[in-house]
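Trainee: Can you read through this structure? Questions will come right after.
The values are calculated or read from the model by the stated rules, or taken from the named source; none is laboratory data. These figures come from a predicted structure and were not determined experimentally. Here Cβ is always computed from backbone atoms with ideal geometry, including for glycine, and neighbour counts include all displayed protein chains. Heavy atoms of the whole protein, side chains included, go into the accessibility calculation; ligands, DNA and RNA do not. Shrake-Rupley method; radii C 1.70, N 1.55, O 1.52, S 1.80 Å.
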Amino acid sequence: MDVYEAVTSRRAVRGFTDKVVPREVLERVLSAAAWSPSGSNLQPWHAYVVIGEPLAELKKRAGKRVAAGDPWDEREYEMYPSALKSPYRERRSAFGEERYGALGISREDWESRQRAASANWDCFGAPAALFCYIDRGLGLPQWSDLGMYLQTVMLLLRAEGLHSCPQMAWSVYRKTVAEIVSPPDGLILFCGMSIGFEDVTVDYIRTGRAPLNETVTFVEG
Ligand SMILES: Cc1cc2nc3c(=O)[nH]c(=O)nc-3n(C[C@H](O)[C@H](O)[C@H](O)COP(=O)(O)O)c2cc1C
C-alpha cells in the first residue's frame, strides 16, 4: 500500500469485528511509528496498548458508568473552544449531520445521538485500543507532536490491513482508563484509539473536506 492509499483509505471506523489483532502486528506498527518527528526529538508520546481481558474490563467499567448516567470526569483540557467561530462551527455541524445522518438520527434527536456516541466506550467493538498520554508540563508544540505520532500509527495500521478510530471521548472517562493502565502521576490522557478489522456491514458516510483553496494558500511569483 503506498502512502497516498494509506492516507485516503484511513477514516474513523466506528464498527469493528472481534477478530484478534496479533500483538506482533501492533509491535511492528508502534516500532515504526516511533520514527515520527517531534520538536528536538522529545518524543513526548506515552502510548498504552490495551487488549484482551484488560480491555474487556475497561469496556465493562465504562459501560457501567454510561448506564448509571455517571457524570464525566472533570476535564484536563478543553476538546473545543466553547464558542466555535466560522468556518469551524459549520464544519462541526456538517460532521454531525454526516455522522448521525448515516445512522438515520435527526439533528433534534439528542437521546439517540447520545446512545450512538456511547459506542465510543465499547471501542465500537474493536479488540484493541491505544491510549495516548502526554506529560502535563509540556506545551502546544508537543501536543502537536502527539498528533503526528497518532496519524503515523493510523497510517501504518492501514498498511497492515487494519483500521482505527481516534477518540477524545475517552478523556471524559480518563479515571476509568487510569484504573486499567495505571499511568504515572503527571500524565494527561489526550485520547484513545480503537484498533481492529473493519466490520463492513456497518453503514457510514465518508466525511467531506473543505476545498483546497479554503485551507491552503500558494504564495508564488
Ligand atoms: C484527536 C481526534 C479525536 C477524535 N475523537 C473522536 C471521538 O471521540 N469519537 C469519534 O467517534 N470520533 C472521533 N474522532 C474522529 C473524527 O470525528 C474524524 O476524524 C473526522 O470526523 C474526520 O473523519 P475521518 O477520520 O473519517 O476522515 C477524532 C479525531 C481526532 C483526530
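Trainee: Counting only heavy atoms of the protein chains, get the accessible area per residue of the chain (1.4 Å probe) and round it to a whole Å² value.
Mentor: For the chain, the solvent-accessible area averages 58 Å² per residue.
Trainee: Another one. Classify the stretch 1-76 as rounded, prolate or oblate from the Cα gyration tensor: take a ≥ b ≥ c as the square roots of its eigenvalues, call it rounded if a/c is under 1.5, otherwise prolate when a/b beats b/c and oblate if not.
Mentor: Judged from the Cα gyration tensor, the stretch 1-76 comes out prolate (a/c at least 1.5, a/b above b/c).
Trainee: On to the next question. Once the piece of chain linking ALA94 and ALA34 is laid out straight, how much longer is it, given 0.36 nm per residue of separation minus the C-alpha distance between them?
Mentor: 18.2 nm
Trainee: Restricting to lysines 8 or more places apart or on different chains, can you count the pairs in the chain with Cα atoms under 25 Å from each other?
Mentor: Here the count comes out as 6.
Trainee: Just check the stretch 12-137 against the gyration tensor rule for me: Cα atoms, a ≥ b ≥ c as the square roots of the eigenvalues, rounded for a/c under 1.5, and otherwise prolate or oblate depending on whether a/b exceeds b/c.
Mentor: It is oblate, given that a/c is not under 1.5 and a/b is not larger than b/c.
Trainee: Loop-only trypsin sites (Lys or Arg not before Pro) in the stretch 1-91, please: DSSP not H, G, I, E or B, and at most 14 other Cβ atoms within 10 Å.
Mentor: LYS19, ARG75, LYS85
Trainee: Right, another one. Spin-label point model (7 Å from Cα, Cβ direction): what's the ASP185 to LEU84 distance in nm?
Mentor: 3.6 nm
Trainee: Mean Kyte-Doolittle of at least -0.5 plus a Cα span of 20 Å or more along the axis: flag which DSSP H helices in the chain meet both, please.
Mentor: Taking the DSSP H segments of the chain (at least 20 Å long, mean hydropathy at least -0.5), we get 140-159.
Trainee: Another one. Please report, as a whole percent, how much of the solvent-accessible surface of the chain comes from carbon and sulfur atoms (probe radius 1.4 Å).
Mentor: Ligands and nucleic acids excluded, carbon and sulfur reach 55 percent.
Trainee: Additional query: Indicate the gyration tensor shape class of the stretch 132-221 (rounded, prolate or oblate), computed on the Cα atoms with a ≥ b ≥ c the square roots of the eigenvalues: a/c under 1.5 is rounded; otherwise a/b larger than b/c is prolate and the rest oblate.
Mentor: Verdict is oblate for the stretch 132-221.
Trainee: With springs connecting C-alpha atoms under 10 Å apart, model the chain as a Gaussian network and identify which of ALA94, ALA126, ALA169 has the largest mean-square fluctuation.
Mentor: ALA94
Trainee: Work out how much length ALA56 to ARG107 would gain on full extension: take 0.36 nm times their residue separation and subtract the Cα-Cα distance, in nm to one decimal.
Mentor: 15.2 nm
Trainee: What does the helix-only formula give at 222 nm for the chain: each DSSP H stretch with n ≥ 4 adding -39500 (n - 2.57), the total divided by the residues, and the result rounded to the nearest 500 deg cm²/dmol?
Mentor: So the calculated ellipticity at 222 nm is -12000 deg cm²/dmol.
Trainee: Which residues does the label zone of TRP143 cover in the stretch 42-85, counting backbone N under 19 Å from a point 7 Å along Cα→Cβ?
Mentor: Output list for this probe position: 42-47, 73-85.
Trainee: Can you give the relative contact order of the stretch 79-221 as a percent, counting alpha carbon pairs under 8 Å and 6+ residues apart?
Mentor: The normalised contact order for the stretch 79-221 reaches 33 percent.
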